[in-house]
Amino acid sequence: MRSVDRVLPRHVVTAMVAGTALVLVAVVLGGYLRVPSVTPLAEVAGCTAAPPEDRAAGAAAPAGGSAGAGDTDQACPPGMLPPLTVDGRYFALPDGTPFFWLADTAWSLFTDLDRAEALHYLDTRAAQGFTVIQAALIFPHVRGTGANRYGDRPFEGHLGRLPVTDGADVDDDGQYDYWDHVDVVLAAAAERGLRVALLPVWADALVGSLVTESNARSYGVFLGERYADAPVVWIMGGDAPADGAEDVWRELAAGIREGGSSALISYFPRAGQTSADWFATEDWLGFHLLHGGHCLRYGQRRELIEATRAAEPAKPFLDGEPIHAGRSYCRDDPPRGHATALDARRDAYWAVLGGAAGHSYGHDAVRQFGTDAPQGWTAALDDPAAEQMRHLRALLHSRPYQRADPGRGVLPGDVGSGPDRIAATIAADGSFLMAYTAGGREVEVDLDALSGATLRPSWFDPRTGEVTELEPLGSSGRAVFAPPGGASGQDWVLVLDDVTAGYGPPGEAVDGAASGSPHRGVPPTAAAATGTPGATPRSVPTPSPSPESVIELRSGSEPGFRTTDEPRSEPDDEPETSPEPEAVPGPGPTAEPVWDRLARCESSGDWSINTGNGYYGGLQFDDATWRGYGGTEFAPRADEATREQQIAVATRVRDDRGGYGSWPACSKKLGLPR
């Protein structure tokens, strides 16, 4: 085996033959072609990125080739899956199609699994609907120094000596080195439509010793050249704070760019931290990662999500390591026991409805591929929590989720705390709302926050993906929705849709929904005429609930309705019918009576109000929005700022979001553009 002290050129050569680009991947020639169920990449002349759902049937691939070999539609090799880009707070493909990050955590994938085991793992996760795999290139927790199953190491003594050999024959130990094995696994993942989020080195215990400010750039150049065209994402760090090592990660990121990789980069910190603590304004950081951790610290996790979303400039964010199914809870925090599928679902839905661009799942037996745990990694692949993550992705893909924001003020009732907290997100145009009730509690909704005259409510089961539809109702007043089964302690997702939006059942993708372009504004009958799945014409009654009552909707065998005499707070001297929308006012905040009208509606015009509900001041800012739009330059909280200062921050919010949709209920009442 030969060690090199220099950066090697990338292992992809492109030749033009008769106008067709042939991707010749040197690292997969020879023995790699004999690995079962992997497309012979050197023969691929063109491909389409087969989505993971296409593999859900679980059809076995013929020996020596991939399923579908010989068809014109082939799975994509490295470099031919389109790269991920950033679209505001979310991920997208170059053509604008939204990309939902649903990752599995496999830190020791390259070190703990042989080729056959890696293919089994990737096949399973692709069939379950995952879109990303998180893995570390150098992971010291495995056999002490990070050697892989074939005894090969990623480095010899230090990062200046990377053992890279001539050839890549899997049957020749002298050729098939550590990095060849990484290449094979990356190729197999790409063939299955999976991108890989790569940690160049696991930071915990290695930053400052193995990877330093003096060698980080050269190592980054090696990686950037080798994987310039691979469908990867780069993750600096690895369960470690960046304190004192910021320049190490800057150098590593700069080297990756210098080597030729333009893939997105982030930083993965220690539990209870977020990359925004160090790198919020740095250009190389394309998106944020927070580390929720494995403790049942519900308040801390909520604060992390809100703080990361509020970081400026706005970037996508994810929980890179939430509570892992099957893992013991924190040793120093009660209760004792192991995380359940419900724990995993809570973290996932709270994060995504809190504005995350996706979610990273993990199982304790899979993240380091344990074989001596009570449940081995092969069995843990089929854990109920893993199977249920597909329903989260399906639900989000059935609506233009990238147009929604965490719902502020749309849940006027008690949203609870701890494990029973209710979280919501609402479309900027009011066309849909999703509310996750983690403990099966009733959900009270201010229906005025939604658009349209008639709403279609339904309950989505995050365990099965099944939907329970309720009777349509008018979009006025408040309604209390009780999930199926009553106070069972099970989690549910309430979905409310404006019937004119043309959405299908929750979890069932409507034509164009995945790209964020459902038949918005088209009534169901018209949408059906255009061929939109899930938009079958139906007779939709338009009930007219009293605007001064609360309607209780209960699911079950006999959904019921109950009205109460609880009065609703209406803005003073405002008409009950919405006036014609007025134009968005100009930039002068102190001259805008519209803000006084909003304040009367939101807080009875009390600019210093603090009721303890998490919203402050005349325009009812939450802390994350106040911080995110520069409010702390005036005061720590909105209620401590002057009227003029609150209006200045509100103006920034309005201008950034294109209207008054951040005040959904009152903007609808006042007829303001949302």
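Grab the beta carbon distance between Glu644 and Arg463, set R0 = 56 Å, and tell me the FRET efficiency rounded to 0.05.
After rounding to 0.05, the efficiency reads 0.65.
Assuming R0 = 45 Å, can you tell me the calculated FRET efficiency for the pair Tyr150 and Glu312, based on Cβ-Cβ distance, to the nearest 0.05?
It comes to 0.45.
Under the rule of at least 5 residues apart or a separate chain, name every residue whose amide H is placed under 5 Å from the amide H of His288.
Residues meeting the criterion, in which the H sits 1.01 Å from N, are Phe317, Leu318.
Using amide H atoms built 1.01 Å from N in the peptide plane, name the residues 5+ places from Phe432, or on other chains, whose amide H lies under 5 Å from its own.
Hits under the 5 Å cutoff: Ala427, Asp498.
For a protection proxy built on the mean count of beta-carbon atoms within 10 angstrom, sort 594-605, 174-185 highest first, please.
Going from most to least packed, we get 174-185, 594-605.
Mind jotting down the distance between the C-alpha centroids of the stretch 147-190 and the stretch 297-313, whole Å?
Their Cα centres are 39 Å away from one another.
Compute the distance in nm between two label points, each set 7 Å from the Cα along the Cα-to-Cβ direction, one at Thr85 and one at Glu303.
3.8 nm
In percent, what relative contact order does the stretch 175-276 have, based on Cα pairs under 8 Å that are 6 or more apart in sequence? Spell out each step's value before the answer.
Values: 154 pairs, mean separation 31.8, N = 102.
Averaging sequence separation for qualifying contacts and normalising by length gives 31 percent for the stretch 175-276.
In the calculated pair distance distribution of the stretch 589-670, what percentage of Cα-Cα distances lie above 14 Å?
56 percent
Per residue of the stretch 457-466, in order, report the coupling 6.51 cos²θ - 1.76 cosθ + 1.60 (Karplus, θ = phi - 60°) as ³J(HN,Hα) in whole Hz, putting x for Gly and Pro.
Ordered by residue, 3J(HN,Hα) equals x, 7, 10, 10, 8, x, 7, 10, x, 6 Hz.
Would you grab the residues whose amide H sits under 5 Å from the one on Phe268? Only those 5+ places off in sequence or on another chain, please, with H modelled 1.01 Å from N.
Amide H neighbours of Phe268, under 5 Å, 5+ apart: Met236, Gly237, Gly238.
Let me spell out the model: positive unit charges on the Cβ of Lys and Arg, negative unit charges on the Cβ of Asp and Glu, origin at the Cα centre of the stretch 589-670. What dipole size does that give, in debye rounded to 20? Let's see the in-between values first.
Working: 10 positive and 12 negative charges, 64 e Å.
With Lys and Arg at +1 and Asp and Glu at -1, about 300 debye.
In nm, what is the difference between 0.36 nm times the number of residues separating Gln175 and Asp382 and their Cα-Cα distance?
71.0 nm
Each reported figure results from applying straightforward, stated rules to the coordinates on display, with no laboratory input. Bear in mind that the values here come from a model prediction, so they are computed numbers and not experimental data. Counting neighbours? That spans all protein chains shown, and the Cβs are built from the backbone with ideal geometry, glycine included.
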